[in-house]
Amino acid sequence: MRKTLFLFLGLCPVILYAQGSYEKAWQAMKTNDWKTAGKFLAESQSNSATFEDSYISNFYLKNYLGQNKTINDYNSSFFKKVTDPFPYTYALWFDEAIIGTSGKKAKTEQVSLLESLVKDPRTPGLMVAGANYQLGLHYLFSANFDKPATYFDRIGSVHNWQLVGPFENISQSGHYKDYGPLAHPEADAVF
């Protein structure tokens, strides 16, 4: 019991300092002291209680300062360590440090993150479809013509659409005719 108490008392200053680092970073940002803010954000990333907020705040700070090309650790340092990285990844999707623009990917980290999204069973369906689309485009624009179809087929889009009315006829364009699906919604009905 005594050892536990001493361990707790010994760690309290470390935990409080790390949480204080995050707050100090925001104080520095309020005064436009970007260098100090970056230092405090880097320090506060060592604390698990402030890691997510610190990493994302530092990410945005680097983007603001035009240093986004130096960010190449999102997949290894953040995505794989956080319990739920998907909201952050979705919000930052088109940032060059995450997925980037559509087409051939400039960084291997982008392809690696896309592959992680496709393989992770926790990834929301919308992001799985988006990652497959981005990977398909990457391989298409990389002239690797064997792979794109595999990724495009995994998107899960509907190819054979069938639409029948009635539709709203606000503009009097003639789409008011009922072709029968409302009267006969059975699977074997023919229209």
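The values are calculated or read from the model by the stated rules, or taken from the named source; none is laboratory data. Everything numeric in this text was worked out from a predicted model, so none of it was measured. Cβ sites come from the backbone with ideal geometry, for glycine too, and all protein chains shown count toward neighbours. Note: accessible area is taken over every heavy atom of the protein model, side chains too, but ligands, DNA and RNA are not part of it. Shrake-Rupley method; radii C 1.70, N 1.55, O 1.52, S 1.80 Å.
Structural remarks
- Annotation: per residue accessible area for the stretch 37-191 equals 63 Å², rounded to a whole number [probe 1.4 Å, protein chains only].
- Candidates per trypsin sites (Lys or Arg not before Pro) in the stretch 28-102, loop by DSSP, up to 16 other Cβ within 10 Å: Lys80, Lys81
- Counting only protein heavy atoms and a probe of 1.4 Å, the accessible surface of the stretch 24-176 is 55% carbon and sulfur.
- In order along the stretch 133-148, the Karplus-derived 3J(HN,Hα) couplings, from 6.51 cos²θ - 1.76 cosθ + 1.60 at θ = phi - 60°, round to 4, 5, 5, x, 5, 4, 6, 5, 6, 8, 6, 9, 6, 7, 8, x Hz, and Gly and Pro are given as x.
- Modelled label positions at Lys30 and Asp73, each set 7 Å beyond Cα in the direction of Cβ, lie 2.8 nm from each other.
- The string of couplings for the stretch 88-98 from the Karplus curve (6.51, -1.76, 1.60, θ = phi - 60°) is 5, 5, 5, 5, 9, 2, 8, 5, 4, 7, 10 Hz, one whole number per residue in order, with x for Gly and Pro.
- Set Lys35/Lys105; Lys119/Lys147; Lys24/Lys62; Lys81/Lys107; Lys24/Lys105; Lys81/Lys147 screened for pairs whose C-alpha atoms are more than 25 Å apart: Lys35/Lys105; Lys24/Lys105; Lys81/Lys147
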